[in-house]
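The values are calculated or read from the model by the stated rules, or taken from the named source; none is laboratory data. The structure displayed is predicted, hence computed values, not measured ones. Don't worry about glycine lacking a Cβ; one is built from the backbone with ideal geometry, like all the others, and counts go over all protein chains shown. Quick note on the areas: whole protein, heavy atoms, side chains included, nothing else; ligands and nucleic acids left out. Shrake-Rupley method; radii C 1.70, N 1.55, O 1.52, S 1.80 Å.
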Amino acid sequence: MTIEMVFVLLIIIAMFVGLLFEVARPDMVVFTALGILLLTGILTPDEALRGFSNEGMLTIALLFIVAGAVQKSGITDRLVSKWLQNTRSMTGVTGKFFAPLSLFSAFLNNTPIVVTFTPVLRKWCQDKGIAPSKLLIPLSYVTILGGTITLMGTSTNLVVHGMLKDYGFAGFSFLQLAIVGVPVTLIGLVYVTLIAPKILPSYKSFQDKMRENTREYIAELTVGNDFPYTNQSVAEAGLRDLEGLFLIEILRDNEIISPVSSHTVIRANDRLIFTGLISTIADLEKMKGLYLETGTDLKLEDLKNGDGQTQLLEAVVSHDSSLLHKTIKQSQFRSRYDAGVIAVHRNNERIQSKIGDIVLKPGDTLLLLTGDHFIDNHQHSDDFYVISSLGTPKKLNEDPVKGWFSIIVLIAMVMLVAVGLLSMFKAMLLAVLLLFIGRVVTPEEAKRYIQFHVLLLIASAIGVGTAMTKTGLADYIAQQTLNLVEPLGLVAIVVLVYLLTNLFTELITNAAAAVLMLPIAIEMAGQLNIDPIGLAVTVAIAASASFITPIGYQTNLIVYGPGGYKFHDYIKVGLPLSIIVMIVTTTIISQVWI
């Protein structure tokens, strides 16, 4: 190994460690690695920026806009939700709910699909007396599997496709991945129907637990006429920064004031609703003029204002959140989002700590009391996924003509790509232009739909992959790997590529795993004199097939809190599915391409 190869290897190892231990957001970790490779001269500026002009990466940006326009219409959401209402059993859910969703995932971003249908499925479970934990992990799994069917099914497929074109190959055709994706999805649907429900536990949801233990974390005090701070602000009354307590709501006659700001004025006879460490309520009760209502019948639902001005929501903290590694107080959550955190759930348990002092981690579920504009303002936030069953949002009541227009545009573009008249990039570019011309999407909405942190991660990872190829590191790793495995045969090589990619995607991210493994796979194919498309398909499928941990794929993370799951639940139900998918994938690839 040369000095340059050793240096690049050390940078990649450091990057892996940073991603594994979540020292910063994934896109920042990979971008930092790219920056070091550029500053040290390993990469030229053109080579470092190559990922930012990669066709696959740019196609993903356009696809975010198209998928956002379809999702905005709410037509597919309403159709599937109505279809689910007539389903009476868990077995029926697979045929009438999971099967259509896996098909939608082949053409739409699976993250908003899971965000949208998590509350829908959870409500159905509650109505039927079924634990939501029996079906929420399967919801994530079927969308992951469906994404393996088409070129546009997941960002990973498009990234591998774009990199193949950069290497001088033709890339994937639109339905080439379906050779593996369709069998994998069908077998996966059978698994989540017959086996997964028997393995998954019956957990109560976070909100259900909060409802049962309302009095353990909500306290009510009444403001008497002798309160010395009557007609003064919350801050002046010393009720803003309390030790372990948080003023979430004020009930005044028929008015509900929430969220409570530091400038809200306290009046006599106000009912002050607190949450947090209720064991410390005695200190607050010592304040003159505040009287504890020990017989309060306040429930969780009572925090919701019937006129829609106040909403009780759940939000799951994302891997790319700017809230990570900060306390709720340090992040200035209340003023930043116009929302109050009532409780935080982690690993199936409510955190028994001061709300403001909780340091947030990916997958944490926040129970929020929000204003009526919270959904509109933060639905596409990179910080969290909003998971709640609300009334029909305003966005779903928009012009149905525009909604159907966006769906027709998507179908037309898919057909043009499928028959080979347009490339995926040109089709998505044309679709976005049509959506702009038809005023289905505004430029402001388009900016909100694009997940820039995902694009930065992909583009940076492509640059790191370029460094592996340029220095000869990819060729060296491929050669050393072949020396060990080649005597076992070509099938063993396919299995090894799958296992390594799948391991990386479980530990770091799917896009980074695909980008780092593809150069090695291509070098292997060159040395073995076999079709590189076979190993490229292996990398694409393995990078998407993340079932064993909640952190490997964003949809697994989304259902983590709402399902009340523990980490080992993913291992129990995901490991058999992961093995099944690997066997099916490697068998088909060995027969078709190797």
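Looking only at the range 39-57, which residues are without any contact (Cβ under 8 Å) to a residue 60 or more places away in the chain and either buried (at least 19 other Cβ atoms within 10 Å of the Cβ) or of a type outside the set (G, A, S) (or both)? Steps first, please.
To start, the set of residues in the range 39-57 that are without any contact (Cβ under 8 Å) to a residue 60 or more places away in the chain comprises 39-41, 44-46, 53.
Answer for the range 39-57, where residues must be without any contact (Cβ under 8 Å) to a residue 60 or more places away in the chain and either buried (at least 19 other Cβ atoms within 10 Å of the Cβ) or of a type outside the set (G, A, S) (or both): L39, T40, T44, P45, D46.
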Go through the residues of the range 515-525 one by one and say whether even a single one is touching a Pro at 6+ places or on another chain (Cβ under 7 Å), modelled with pLDDT of 90 or more and not small (G, A, S).
-> yes
Read through the list (1) surrounded by fewer than 17 Cβ atoms within 10 Å (Cβ to Cβ); (2) over 16 Å from L500 (Cα atoms); (3) over 23 Å from the mean Cα position of the chain (by Cα), then give the number of the only condition that H568 fails.
-> (3)
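How do the strands (runs of 3 or more DSSP E) wholly within the range 223-292 filter down when requiring 2 or more residues that are modelled with pLDDT under 80 and under 23 Å from F374 (Cβ atoms): which remain?
Working: elements: 245-252, 255-257, 271-276, 290-292.
Filter on the range 223-292 gives 245-252, 271-276.
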Residue in the range 357-374 that is in a loop (DSSP other than H, G, I, E, B), under 30 Å from Y565 (Cβ atoms), at pLDDT below 75 and touching a strand residue (DSSP E or B) at 6+ places or on another chain (Cβ under 8 Å) present = no
Scan the range 23-30 and give yes if some residue there is in a helix (DSSP H, G or I), out of contact with any Ser or Thr (no Cβ under 6 Å at 6 or more places or on another chain) and closer than 28 Å to V441 by Cβ, otherwise no.
-> yes
Just need a number here: residues in the range 84-135 that are open to solvent by 50 Å² or more (accessible area, probe 1.4 Å), closer than 30 Å to A178 by Cα and in a helix (DSSP H, G or I).
-> 6
Failed item in (1) of a type outside the set (D, E, K, R); (2) in contact (Cβ under 8 Å) with a residue 40 or more places away in the chain; (3) in a helix (DSSP H, G or I); (4) open to solvent by 10 Å² or more (accessible area, probe 1.4 Å), with I60 passing the rest | (4)
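When the residues of the range 63-83 are filtered to those that are closer than 27 Å to V432 by Cβ and of a type in the set (K, R), which remaining residue is surrounded by the most Cβ atoms within 10 Å (Cβ to Cβ)? Walk me through it before giving the result.
At the first step, the residues of the range 63-83 found to be closer than 27 Å to V432 by Cβ are 63-80.
From what's left, of a type in the set (K, R): 72, 78.
Working: K72: 21, R78: 14.
It comes out as K72.
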Consider G18 against the criteria (1) of a type outside the set (S, T, N, Q); (2) open to solvent by less than 20 Å² (accessible area, probe 1.4 Å); (3) touching a residue at least 40 places away in the same chain (Cβ under 8 Å): it satisfies all of them except one. Which criterion is unmet?
-> (3)
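From V573, V559, V581, which residue is under 17 Å from L366 (Cα atoms), touching a residue at least 60 places away in the same chain (Cβ under 8 Å) and open to solvent by less than 20 Å² (accessible area, probe 1.4 Å)?
Details: V573 fails: under 17 Å from L366 (Cα atoms); V581 fails: under 17 Å from L366 (Cα atoms).
Exactly one of V573, V559, V581 is under 17 Å from L366 (Cα atoms), touching a residue at least 60 places away in the same chain (Cβ under 8 Å) and open to solvent by less than 20 Å² (accessible area, probe 1.4 Å), namely V559.
Quick check, is V494 crowded, with 18+ Cβ neighbours inside 10 Å, modelled with pLDDT under 90, over 23 Å from the mean Cα position of the chain (by Cα) and farther than 26 Å from L34 by Cα?
On the way: crowded, with 18+ Cβ neighbours inside 10 Å: yes; modelled with pLDDT under 90: no; over 23 Å from the mean Cα position of the chain (by Cα): yes; farther than 26 Å from L34 by Cα: yes.
The answer is no for V494.
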Residue by residue through the range 446-493, note down the ones that are in contact (Cβ under 8 Å) with a residue 12 or more places away in the chain, more than 19 Å from G18 (Cβ to Cβ) and either touching a Gly at 6+ places or on another chain (Cβ under 7 Å) or not in a helix (DSSP H, G or I) (or both).
-> Y449, I450, Q451, G472
Restrict the check to the range 296-318 and report whether at least one residue is in contact with a helix residue (DSSP H, G or I) (Cβ under 8 Å, 6 or more places away or on another chain), at pLDDT 65 or above and of a type in the set (D, E, K, R).
-> yes
